[in-house]
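The values are calculated or read from the model by the stated rules, or taken from the named source; none is laboratory data. In this text, all values refer to a predicted model and were calculated from it rather than measured experimentally. Every residue, glycine among them, receives a Cβ derived from its backbone with ideal geometry; neighbour counts consider all protein chains shown.
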Amino acid sequence: MDQPVAMAYETITVEPIAGALGAVIRGPDLSQPLEQQCFAEIHDAFLKHLVIFLEDQDLTPDQLLAFAKRFGPIVNYPFVKDMDGHPGITEIIKTENDTLNFGGLWHSDTTYLPKPPLGSMLYARELPPRGGDTLFANMYLAYETLSEGMKAMLAPLRAVSSASLRDKSEGGARSRIAAQTGRGQNVDQRDMAADHPVVRTHPETGRMALYINCAHSSHFVGMTQEESRPILQFLFEHMSRPEFTCRYRWKVDAVALWDNRCSHHYALNDYQGYRRLMHRVTIEGDTPV
Ligand code: SIN
């Protein structure tokens, strides 16, 4: 399997949090402009570990955006308005009275767009006393552990991602969260669909990753939903095998950045009666191939 070339780090230390993916990076102060060498090392660790965490960061919204912009241009999340005065940052909030959470199922972000995001960044502002962790899963491993027969069958396939499917699978969570916070954007969910290769080649690492997800992928191009369902169901279960995952226990002031091109994430909703507030920034991606 192709692995990114090993790089010796001089400005950061990297502590993996699981066998499959995820690493805490220590050293950088993101409130300061990053030297090119430091950014190159963070970027290398991001490609290698798929999701990185930088803790104890005391950042203004502009400093958070400046760090995100080192990875690429910022794009808006289509269904929720940006924070007042800070275009590019979305507030992901669950209050003491809310029961549904945002992102509470395995997914890669907004794959119903023709160019889904490269990555997404989350900055923890307020956390419950316990719970509210986020799970991540490695889609390179999910692909590499399939049989050669399954890989050959999936190779030519494309799958349709639909924005309305996720809202249904979350029990209308996204629409209700947008309504609860009064920050919904009037986007017609039926209009947002795109098809992408079921197996994509990561544009930076050259590695192959499974690129369907249970939140958005509705069927294979050229097949009905009924015909597609058994294979999709098998793949959704395979992709979330515990050994492909890591779990991050948030700390206030932690920044996470995940690679949407080769990982999935799942926000746990196990903190009823408590508040959780995250600032989220989305980074532009390319057309999956
Ligand atoms: C998301 O899916 O973007 C939210 C993840 C989280 O809140 O942990």
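Restricting segment 92-101 to residues that are surrounded by fewer than 24 Cβ atoms within 10 Å (Cβ to Cβ) and in contact (Cβ under 8 Å) with a residue 12 or more places away in the chain, the residue that is nearest to the chain's Cα centre (by Cα) is Ile92.
Filtering segment 51-91 down to residues that are β-branched (Val, Ile, Thr) and within 17 Å of the chain's Cα centre (by Cα), which residue is nearest to Thr11 (Cα to Cα)? Steps first, please.
Looking only at segment 51-91, we keep the residues that are β-branched (Val, Ile, Thr), and these are 51-52, 60, 74-75, 80, 89-90.
Narrowing the set further to residues that are within 17 Å of the chain's Cα centre (by Cα) leaves 51-52, 74-75, 80, 89-90.
Working: Val51: 19, Ile52: 15, Ile74: 26, Val75: 29, Val80: 36, Ile89: 28, Thr90: 30 Å.
Looking at the filtered set, the residue picked out is Ile52.
Any idea which residue in segment 209-229 is surrounded by the most Cβ atoms within 10 Å (Cβ to Cβ), counting only those that are free of Cβ contacts under 8 Å to residues at least 12 places away in the same chain and part of a helix (DSSP H, G or I)? Here the residue is Arg229. Taking every residue in segment 110-139 that is farther than 24 Å from Phe236 by Cβ and modelled with pLDDT of 95 or more and pairing it with any residue that is of a type in the set (Asp, Glu) and part of a strand (DSSP E or B), at least 6 positions away or on another chain, the pairs with Cβ-Cβ distances below 9 Å are Arg125/Glu91.
Taking segment 230-277, which residues are under 25 Å from Lys48 (Cα atoms), assigned to a strand (DSSP E or B) and not β-branched (Val, Ile, Thr)? Hits for segment 230-277 are Cys246, Arg247, Tyr248, Ala256, Leu257, Trp258, Asp259, Ser263, His264, His265, Tyr266, Ala267.
Would segment 87-96 turn up any residue that is small (Gly, Ala, Ser) and within 30 Å of Thr205 (Cα to Cα)? Yes, some residue in segment 87-96 is small (Gly, Ala, Ser) and within 30 Å of Thr205 (Cα to Cα).
Here Ser240 meets each of (1) within 16 Å of the ligand (Cβ to nearest atom); (2) at pLDDT 95 or above; (3) under 26 Å from Ala68 (Cα atoms) with one exception, condition (3).
Looking at segment 266-281, which of the residues that are closer than 30 Å to Pro114 by Cα and surrounded by fewer than 24 Cβ atoms within 10 Å (Cβ to Cβ) is nearest to the ligand (Cβ to nearest atom)?
So the first thing to find is which residues in segment 266-281 are closer than 30 Å to Pro114 by Cα, and the list is 266-269, 277-281.
Subset that is surrounded by fewer than 24 Cβ atoms within 10 Å (Cβ to Cβ): 266-269, 277, 279-280.
Numbers: Tyr266: 8, Ala267: 3, Leu268: 8, Asn269: 10, Leu277: 10, His279: 10, Arg280: 6 Å.
The qualifying residue nearest to the ligand (Cβ to nearest atom) is Ala267.
Filtered by the rule that a residue be in contact with a Lys or Arg (Cβ under 9 Å, 6 or more places away or on another chain) and of a type in the set (S, T, N, Q), segment 111-137 gives Ser120, Thr134. Only residues that are more than 14 Å from the chain's Cα centre (by Cα) and over 19 Å from Lys94 (Cβ atoms) were counted in segment 241-270, giving 4.
Take the residues of segment 230-252 that are out of contact with any helix residue (DSSP H, G or I) (no Cβ under 9 Å at 6 or more places or on another chain) and exposed (fewer than 15 other Cβ atoms within 10 Å of the Cβ): which is farthest from Gly104 (Cα to Cα)? The extreme case among them is Pro230. In the condition set (1) buried (at least 19 other Cβ atoms within 10 Å of the Cβ); (2) touching a helix residue (DSSP H, G or I) at 6+ places or on another chain (Cβ under 6 Å); (3) over 25 Å from Ile42 (Cα atoms); (4) of a type outside the set (S, T, N, Q), Ala137 is compliant with all but (3). For the criterion of being surrounded by fewer than 18 Cβ atoms within 10 Å (Cβ to Cβ) and of a type in the set (Asp, Glu), Asp259 fails.
For Pro128, the conditions (1) within 15 Å of the chain's Cα centre (by Cα); (2) within 16 Å of the ligand (Cβ to nearest atom) are fulfilled apart from (1). When restricted to residues that are touching a residue at least 60 places away in the same chain (Cβ under 8 Å) and farther than 13 Å from Leu257 by Cβ, segment 39-58 contains 2. The lone criterion from (1) small (Gly, Ala, Ser); (2) surrounded by fewer than 18 Cβ atoms within 10 Å (Cβ to Cβ); (3) within 15 Å of the ligand (Cβ to nearest atom) left unmet by Gly104 is number (2).
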